[in-house]
Amino acid sequence: MNNVPDFDRLIEPFMEIYKKIEHDLIVHIATHFQLYENIGFKNSMEWYIRKVEE
């Protein structure tokens, strides 16, 4: 399978994009927890939790 390194190089830009999206989503969720900890954020956070699980 000498095509594996070529494939890895091809998907690398997409993996970087995915990692950035995942990081941004986690940061957004953490910020949400920090800002809305005491005002009943459970319902609004369920959507974000489902997105992280996906």
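A few points about this structure:
- I39 among the β-branched types (V, I, T) and modelled with pLDDT of 75 or more: no
- Residue-level check: of (1) surrounded by fewer than 10 Cβ atoms within 10 Å (Cβ to Cβ); (2) at pLDDT below 80, S44 misses just (1).
The values are calculated or read from the model by the stated rules, or taken from the named source; none is laboratory data. Note that the structure is predicted; figures quoted are calculated from it, not measured. Reconstructed Cβ throughout: ideal geometry from the backbone, glycine too, with neighbour counts over all protein chains shown.
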